[in-house]
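Just below is one structure, and these are the notes that go with it.
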Amino acid sequence: MSQFEPNAKGQYGGGDFEYDGGKKFTEKCIKVPEVIGRNSCQQLVECVIPFPEQYPAIEIKDVQKEIRDLLVHVCKNKVLINGVLHKNINYKTYEGNSDFYYCYQKYDSYYGDVRHVAVNIPFACFIEIPGACPGDDYQIEYADVEDSCEVDILEDPCHSKGPVKEYKKLREKVIIKIDLKVLRYIQITVKPEKCNICP
């Protein structure tokens, strides 16, 4: 091979360069998102939820929580967030009691239904992101309730019809966490390494 004849890798002698087989690579202008900043906020939401008057609670079975209807507004150096915390509370009620015997020994027992109460609780918070401007885009990376930090307290006991206490209200405290980043689309010039690489 001659010293000035290109090899398969497009090399002349010992110097490397881009060899396009006679085709000229054209520069292209594309838009890409630039991350302006990333931050998070935590918001304590406390509320008192009443049970239906005819169905007071004796015990909370479980509470299902979901963040819904997030509205995000990017302003100068801050991001304002409004949303709704949806809760579905499953709880046990008291209907009556009965006695039963096992191995000639008497035991007290009671029975009731499992009912639920659903509520929508609005909340608001803000996140500081230096450099953010109105018109910037955003991306929510995480929005949920911190299950490891949650308090459920039954309150306002009512006159009990049987051997167990019944309550009219539930006081619940939860922490909402939202992670968000602000994006801004910018134009950059690129030079493709190959032509027609898309299938």
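Observations on the structure shown:
- Computed Kirkwood radius, in angstrom, where 1/r is averaged over Cα pairs of the stretch 39-104: 16.4
- Here the contact order of the stretch 46-199, divided by its residue count and restricted to Cα pairs under 8 Å and six or more residues apart, works out to 27 percent.
- Size of the stretch 66-199 from its Cα atoms: along the principal axes, largest to smallest, the extents are 89, 40, 21 Å.
- Among the listed pairs Lys106/Lys161; Lys61/Lys165; Lys106/Lys169, those whose Cα-Cα separation exceeds 25 Å are Lys106/Lys169.
- Excluding same-chain neighbours fewer than eight residues apart, the lysines reachable from Lys191 by a Cα-Cα span under 24 Å are Lys9, Lys23, Lys24, Lys28, Lys31.
Where a number appears in this text, it was derived from the coordinates with a stated rule and is not lab data. Since we're looking at a predicted model, the values are computed, not measured.
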